[in-house]
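Okay, structure first, notes after.
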Amino acid sequence: MSHSLLQERSTFIRAIRSFFYQREVMEVETPVLSTATTTDPHIDPFTTVSQGRDGEGPERLYLQSSPELFMKRLLAEESGAIFQLGPVFRAGEISTIHNPEFLMLEWYRPGFTMEHLMEEVEELVSNFVDLPSIERLTVAEAFQQVLGVDDLYATTAEQLRELALSMNLPSAAEMELEWDGWVDYLMVLAITPSFAHAALFLTHYPASQAALAQISPEDSRVAERFELLLNGVEIANGFRELQDADEQRHRFQLEQEERQAEGLETIPMDEKFLSALKEQGLPDCSGVALGVERLMMLSMGKEDISEVMPFPIRQV
Amino acid sequence: MATVSTSEFRNGLKVMIDGDPCTIVDNEMVKPGKGQAFNRVKLRVLLTGRTLERTFKSGESVERADIHEEEYQYSYSDGDLFYFMHPESFEQIGADKAAMGDAEKWLKGQEMCLVTLWNGNPISITPPNFVELQITETDPGLRGDTSSGGGKPATLETGAVVRVPLFVPESERIKVDTRTGEYVSRVKD
């Protein structure tokens, strides 16, 4: 990596830090290694083994795919507003916009609604990319606008499949997917490409794709979750955070069942996180994770994530 | 049946699609922020050269195609088939016109060619990158015009027609790039 790129990276990181320092958001560091991690069936964690303490057997550890669960434990201990810049790990994710290890910026804002946090994301991002104001569209509106689907939540998997077939999308006939899978399929093959030159917040994902977000109080079919898409690339994903510990446990269980059904490795639930949620409680807050290298790519006009990393995966 | 997972996809990998052996020419992982990841793949059907687009759920497996490539020496043609001999085992195989494709017009015999075999049968022939062939017919050049901009058609001993510079006479041996079908130089004996 050239010296000027390295310098640009350093300036970029410094600007992110000063953005949060000015707003009195505290910087924190949480562990990269943990005994638990996300149960999300679509994330493949790196695992490793360490000798246990005092004669205990070897202990399985996971490299974190996001600092979310640790940061929420800090929030439960009344940390207040916090941010973190650090490496996260996802096995098998390699493409022009994926590297198995990448730099994540994650921050949490007690008292912020999802809309309020989106405004802050927009303010941060405008420091790096020349943007008109960012459009806001719900997932259902995007399906309506791009694919002419009048009510996404009234569709069945079969109807979404027929839509994909009628659009001649590749392998639509061979795909075996559930409703959520078809939503993902149409999202990556039809909707995202149609926003290839746009700045857009996609909001209100289906409740079945809530991840760690609250279900919307106005509409139980959707979750208070948003993504920032710039030129068709996901830059950030945020939530009005779920506070209900029992609901959180239930979602982890569903994910574990899905992992099992798909023959994937069992991942233990993060009991320490669940107990913090239950005992201390998470303050009402919104949080967001942003892929720093993807924002760098846009800001520096690069086509491949490897061009903004000193040591991309092919060189380690 | 040997299968291969999408995580092992790379350009040049040979897989079976709808019963046809294909080679991967482009593979891209696409993933929504959260949710199912897919591999968008472009493939070339080896028998027809046609390009296909397919999408796989990441983690899915596909049947591998039994394809390998080996050097054979071109021997002769009986009109239907073109015969090649393995330089060590002396095993002889016959390729049909479809497998031969464009290679036919560059070969007169003895050349080492790259033969692509599917389940042991030749499906495509790649001639040497450069061949040396004699011109059997071409118009006499216009004297004095040696600029590279011009050129004239010349028929070679194998029947192929290439454009050569105006100064190149009939019965001259020339070097041709088979990948582009272009004249490279005259051959000095």
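The listed residues are A:164, A:140, A:154, A:199, and the only one of them that is within 14 Å of chain B (Cβ to nearest Cβ) and of a type in the set (Gly, Ala, Ser) turns out to be A:164. For region A:200-218, the tally of residues that are under 11 Å from residue A:251 (Cβ atoms) and open to solvent by less than 10 Å² (accessible area, probe 1.4 Å) stands at 2.
Could you please let me know if residue B:130 is open to solvent by 80 Å² or more (accessible area, probe 1.4 Å) and at pLDDT 95 or above? So residue B:130 fits the description; yes. I need the full set of residues from region B:168-189 which are without any contact (Cβ under 8 Å) to a residue 12 or more places away in the chain and open to solvent by 90 Å² or more (accessible area, probe 1.4 Å), in order please. Passing the criteria: only B:188. If you filter region B:41-56 down to residues that are touching a Leu at 6+ places or on another chain (Cβ under 8 Å) and more than 7 Å from chain A (Cβ to nearest Cβ), you find that the one that is surrounded by the fewest Cβ atoms within 10 Å (Cβ to Cβ) is B:51. Scanning region B:10-29 for residues that are within 12 Å of chain A (Cβ to nearest Cβ) and open to solvent by 20 Å² or more (accessible area, probe 1.4 Å) returns B:10, B:18, B:26, B:27, B:28, B:29.
Spot the failing condition for residue A:65; the list is (1) without any contact (Cβ under 8 Å) to a residue 60 or more places away in the chain; (2) in contact with a Ser or Thr (Cβ under 7 Å, 6 or more places away or on another chain); (3) open to solvent by 30 Å² or more (accessible area, probe 1.4 Å); (4) hydroxyl-bearing (Ser, Thr, Tyr), and only one is missed. All conditions pass for residue A:65, except number (3).
Can you find even one residue in region B:65-76 that is within 14 Å of another protein chain (Cβ to nearest Cβ) and either out of contact with any Lys or Arg (no Cβ under 6 Å at 6 or more places or on another chain) or open to solvent by 60 Å² or more (accessible area, probe 1.4 Å) (or both)? Within region B:65-76, not a single residue is within 14 Å of another protein chain (Cβ to nearest Cβ) and either out of contact with any Lys or Arg (no Cβ under 6 Å at 6 or more places or on another chain) or open to solvent by 60 Å² or more (accessible area, probe 1.4 Å) (or both). Scanning region A:235-256 for residues that are open to solvent by 40 Å² or more (accessible area, probe 1.4 Å) and touching a strand residue (DSSP E or B) at 6+ places or on another chain (Cβ under 8 Å) yields a total of 1. Being in contact with a Leu (Cβ under 9 Å, 6 or more places away or on another chain), surrounded by fewer than 16 Cβ atoms within 10 Å (Cβ to Cβ), away from chain B (no Cβ under 14 Å) and over 18 Å from residue A:240 (Cβ atoms) narrows it down to one of A:148, A:86, so name that one. Sole residue among the options that is in contact with a Leu (Cβ under 9 Å, 6 or more places away or on another chain), surrounded by fewer than 16 Cβ atoms within 10 Å (Cβ to Cβ), away from chain B (no Cβ under 14 Å) and over 18 Å from residue A:240 (Cβ atoms): A:148.
The values are calculated or read from the model by the stated rules, or taken from the named source; none is laboratory data. No experiment lies behind these values; they were computed from the predicted model shown. Cβ: placed from backbone, ideal geometry, glycine included. Neighbour counts: every protein chain shown. Just so you know, the surface numbers come from the protein's heavy atoms only, side chains and all, with ligands and any DNA or RNA stripped out. Shrake-Rupley method; radii C 1.70, N 1.55, O 1.52, S 1.80 Å.
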